[in-house]
1. Could you go through the stretch 114-124 and let me know if any residue there is of a type in the set (D, E), surrounded by 12 or more Cβ atoms within 10 Å (Cβ to Cβ) and within 23 Å of N24 (Cα to Cα).
2. Here are the criteria: (1) closer than 27 Å to S121 by Cβ; (2) without any contact (Cβ under 8 Å) to a residue 24 or more places away in the chain; (3) assigned to a strand (DSSP E or B). Tell me which single one K62 does not satisfy.
3. Restricting to the stretch 97-116, name every residue that is touching a residue at least 40 places away in the same chain (Cβ under 8 Å) and part of a loop (DSSP other than H, G, I, E, B).
4. Could you grab me the full set of residues in the stretch 18-39 that are touching a residue at least 40 places away in the same chain (Cβ under 8 Å), outside any strand (DSSP E or B) and touching a Pro at 6+ places or on another chain (Cβ under 7 Å)?
5. Please go through the stretch 87-96 and give me each residue that is surrounded by 17 or more Cβ atoms within 10 Å (Cβ to Cβ) and either in a strand (DSSP E or B) or in contact with a Pro (Cβ under 6 Å, 6 or more places away or on another chain) (or both), ordered by number.
6. I'm told T82 meets every condition in (1) closer than 18 Å to V101 by Cα; (2) exposed (fewer than 13 other Cβ atoms within 10 Å of the Cβ); (3) modelled with pLDDT of 95 or more except one. Can you identify the failing condition by its number?
7. Just to be sure, is G76 crowded, with 17+ Cβ neighbours inside 10 Å and in a loop (DSSP other than H, G, I, E, B)?
8. If we keep just the residues of the stretch 46-59 that are loosely packed, with under 15 Cβ neighbours inside 10 Å and among the β-branched types (V, I, T), which is farthest from D104 (Cα to Cα)?
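The values are calculated or read from the model by the stated rules, or taken from the named source; none is laboratory data. On a predicted model such as this, the values are computed, not experimentally measured, just so you know. As a convention, Cβ positions derive from the backbone with ideal geometry for all residues, glycine included, and neighbour counts pool all protein chains shown.
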Amino acid sequence: MAKYSFRVEVDPQYLPDQSAPGQNLYSFAYTVTITNTGDVPAQLISRHWIIANAVGQTEEVKGLGVVGQQPLLKPGEAFQYTSGCRLRTASGTMQGSYFCVAEDGERFEVEIPAFVLDDGSSRVLH
């Protein structure tokens with residue numbers, strides 16, 4: 001097992017009641033579960049997201065913590081939160097990283113694997 005390691009799992013969801021497709025506005029929620037899979041307690045300090053829509057426009061979001069918190073996770077502990085974003089297209093992707101500091105002072109980054117945001121309307125055209 002790695003000394004400094006977090007696992008990140010993301011469950012995205014389209015929010016039709018908060019979207020206005022006719023105005024090119026699509027809302028999504030995503031629930032993130034962060035688990036400390038390492039040997040040392042560590043705190044999530046900041047986040048960096050790269051959000052891309054279907055036409056390649058990207059937006060970067062950086063900030064302290066997640067949903068106003070900077071959780072300290074002991075080995076085996078998990079923290080879950082839900083946040084959201086809006087796109088101008090019916091689909092897109094998100095990916096990024098968390099900056100963390102372990103209890104022993106070691107700094108490390110945790111990759112957030114890319115995941116797809118999609119309103120479910122994708123059709124195969126022939």
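1. Yes.
2. Failed condition: (1).
3. Hits for the stretch 97-116 are E103, D104, E106.
4. If the condition is that a residue be touching a residue at least 40 places away in the same chain (Cβ under 8 Å), outside any strand (DSSP E or B) and touching a Pro at 6+ places or on another chain (Cβ under 7 Å), then G38 is the only one that fits.
5. Those that are surrounded by 17 or more Cβ atoms within 10 Å (Cβ to Cβ) and either in a strand (DSSP E or B) or in contact with a Pro (Cβ under 6 Å, 6 or more places away or on another chain) (or both): L87, S91, G92, T93, M94, G96.
6. (1)
7. No, not satisfied.
8. If we take residues in the stretch 46-59 being loosely packed, with under 15 Cβ neighbours inside 10 Å and among the β-branched types (V, I, T), then V55 is farthest from D104 (Cα to Cα).
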